[in-house]
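To start, the structure under review is shown below, and the notes come after it.
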Amino acid sequence: MTTSTERIAADLRSLVGDDHVETDPTLLREASVDRFKKYQSVHGIFDGPFPAAIVFAGSVDDVVAVLTYADERGLNIVPRTGRTATEGGLETVVENSIVLDGSRMDRILEIDPVDMMVTTQCGVPLQVLEDTLREQGLTTGHSPQSKPLAQMGGLVATRSIGQLSTLYGGIEDLVVGLEAVFPDGTVSRIKNVPRRAAGPDIRHVVIGNEGALCFITEVTVKLFRFQPEHNAFHGYLVDDLETGVEILREVMVEGYRPSVARVYSPDDAAQHFADFAGGRCVVVLVAEGPRRITEATSAGIEEIVGRHQHDRVDPASIEQWFEGLNWGQDKIDAERESMLRTHHLGYTTEVSAGWSAIGDLYRSVLRRITEDYPHADDLTLLGAHSSHSYQTGTNLYFVYDYDIDCEPREEIEKYHKPLNAIIVEEALRVGGSMVHHHGIGKYRTEWTEEEHGSAYPILAGLKRAFDPRGTMNAGTIFPLR
Ligand SMILES: Cc1cc2nc3c(=O)[nH]c(=O)nc-3n(C[C@H](O)[C@H](O)[C@H](O)COP(=O)(O)OP(=O)(O)OC[C@H]3O[C@@H](n4cnc5c(N)ncnc54)[C@H](O)[C@@H]3O)c2cc1C
């Protein structure tokens, strides 16, 4: 017997209290999508299904109560915190889903400046945390563009990465321990230790689960000294992306760890650095940390760049640009207004590959889109940048903007999906990963099995083990059956 929508809302109210359950139809509609459907939703088009209710959990007990309620009845749970998801992870694709919102669990629980870690509830916005830490001369080192809006639970659930990742790492390098609730109500606290060899690293079952295995209630991340006074910004113009990528590769493999290491293709550079890019690629490097380290890093960068044909950019321009990079509610609102007025928008697809494959990946994506994609004439921007580098390779963040020449309802099928597919296919063809940091969400699931290849049974086994009834975020990471 299925439980009616009204019954679900009433049951939830009695479980967690009236103040924690929202059933306003407008809010339910908005909760049925995320930024993947930003163009449709700005036109008021919501295809549904809409959730039965949004529950604003106030405690771990609330989370346990809602998860076990849903699990017993086979109802779908969609966890959320900051709501900046871009890949459909927040879409409620089955009837009578419950959106479980952790944003009211917003307490910073403990700042430990000796063991250098901070513990927060899942709903603490990263910006709030950073502002608090910086007053004490500390930082998490995590600085995604979504910092003003994203919250700790979502940042961990998506395996997010920040703009300073080359120095501090992605969230997976920062999480010390965490607490998560599984659909049967089990509350697991993975303890905070510097390292251990006590079997496989179980943090990684939770980090990146995108709400498809469990609900993250508490997170402990590392702390670092905040010392921006030594930051040294470096900017260069080079003639092609391959040269820029080679500079990044040499910086990485020769042992330097700038916090920011980026190269923008000519078209991408033109939108970011209109004043000076002049049709060339822009390389950005930032040395950060104690003075002696920033000086040594800067000297290493200069030596490496000096081996390649380049022109120098005023470091003040790079610093000024970097300070305006984050996205708060003001930019989201401006984007909404602009989409309605201009019928023009931009999307991104971020992938990764080994150093040796990046040139091929970049060229083949550009070639396929310009030569094979039937609506290439509607594109107003096609480019890419590398923004996160490693010893073995780097990411490519493809950007594509277009004028929409169709009904809002058709936009995703005509533009976003085919362009995204070309980039994903090429990343997999060169042996890279189809997703570097936004998560699989609901729109890259058709490639999940190919992404993991012979290791796919490990991933599928996690779903069977931890969410045997399929309660958690149906259609995310794993295709909807
Ligand atoms: C303007 C903009 C810039 C961005 N820049 C970056 C960037 O620089 N780096 C980057 O990595 N990403 C970036 N993103 C993507 C996104 O912000 C990040 O993935 C972020 O980590 C999501 O956090 P959130 O709190 O908004 O999560 P939400 O959007 O609420 O949720 C994201 C996903 O995590 C799941 N989830 C949320 N909370 C929980 C929880 N408590 N337990 C279990 N699952 C949960 C959801 O079901 C969903 O699948 C950007 C997005 C936008 C819109």
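The values are calculated or read from the model by the stated rules, or taken from the named source; none is laboratory data. Fair warning: this is a prediction, and the values are worked out from it, not measured in the lab. Quick reminder, even Gly has a Cβ in these numbers, built from the backbone with ideal geometry, and neighbours come from all protein chains shown. We work out accessible area using only protein heavy atoms, side chains counted, and drop any ligands, DNA or RNA first. Shrake-Rupley method; radii C 1.70, N 1.55, O 1.52, S 1.80 Å.
Structure values in brief
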| quantity | calculated |
| --- | --- |
| Matching residues in the range 153-178 - criterion: being over 14 Å from the mean Cα position of the chain (by Cα) and among the polar types (S, T, N, Q) | Thr166 |
| Complete set of residues in the range 17-32 that are in contact with a strand residue (DSSP E or B) (Cβ under 6 Å, 6 or more places away or on another chain) and touching a residue at least 40 places away in the same chain (Cβ under 8 Å) | His20, Ala31 |
| Extreme residue, nearest to the ligand (Cβ to nearest atom), among residues of the range 448-481 that are part of a helix (DSSP H, G or I) and closer than 22 Å to Val64 by Cα | Phe466 |
| Whichever residue in the range 58-88 is in contact with a strand residue (DSSP E or B) (Cβ under 8 Å, 6 or more places away or on another chain), near the ligand (Cβ under 9 Å from one of its atoms) and not in a strand (DSSP E or B) and, among such residues, is most open to solvent (accessible area, probe 1.4 Å) | Thr86 |
| Single condition Ala10 does not satisfy, out of (1) in a helix (DSSP H, G or I); (2) away from the ligand (no atom under 16 Å from the Cβ); (3) crowded, with 16+ Cβ neighbours inside 10 Å; (4) among the hydrophobic types (A, V, I, L, M, F, W, C) | (3) |
| Matching residues in the range 13-57 - criterion: being open to solvent by 40 Å² or more (accessible area, probe 1.4 Å) and touching an Asp or Glu at 6+ places or on another chain (Cβ under 7 Å) | His20 |
| Within the range 425-440, considering residues that are in contact with a helix residue (DSSP H, G or I) (Cβ under 7 Å, 6 or more places away or on another chain) and in a loop (DSSP other than H, G, I, E, B), the one surrounded by the fewest Cβ atoms within 10 Å (Cβ to Cβ) | Gly431 |
| Any hit, the range 106-119, residues being surrounded by 24 or more Cβ atoms within 10 Å (Cβ to Cβ), out of contact with any helix residue (DSSP H, G or I) (no Cβ under 7 Å at 6 or more places or on another chain) and not in a strand (DSSP E or B) | no |
| The lone exception for His234 - which of (1) farther than 27 Å from Gly137 by Cβ; (2) open to solvent by 20 Å² or more (accessible area, probe 1.4 Å) it fails | (1) |
| Search result, residues across the range 106-136 that are touching a residue at least 60 places away in the same chain (Cβ under 8 Å), within 13 Å of the ligand (Cβ to nearest atom) and more than 22 Å from Gln163 (Cα to Cα) | Gln121 |
| Check on Ile161, touching a Pro at 6+ places or on another chain (Cβ under 7 Å), within 17 Å of Lys222 (Cα to Cα) and surrounded by 23 or more Cβ atoms within 10 Å (Cβ to Cβ) | yes |
| Some residue of the range 239-256 being within 16 Å of the ligand (Cβ to nearest atom), open to solvent by 10 Å² or more (accessible area, probe 1.4 Å) and at pLDDT 95 or above | no |
| Identity of the residue in the range 313-337, of a type in the set (S, T, N, Q) and either crowded, with 16+ Cβ neighbours inside 10 Å or within 22 Å of Phe273 (Cβ to Cβ) (or both), that ends up farthest from the chain's Cα centre (by Cα) | Ser317 |
| Total residues in the range 132-147, condition under 21 Å from the mean Cα position of the chain (by Cα) and open to solvent by 40 Å² or more (accessible area, probe 1.4 Å) | 1 |
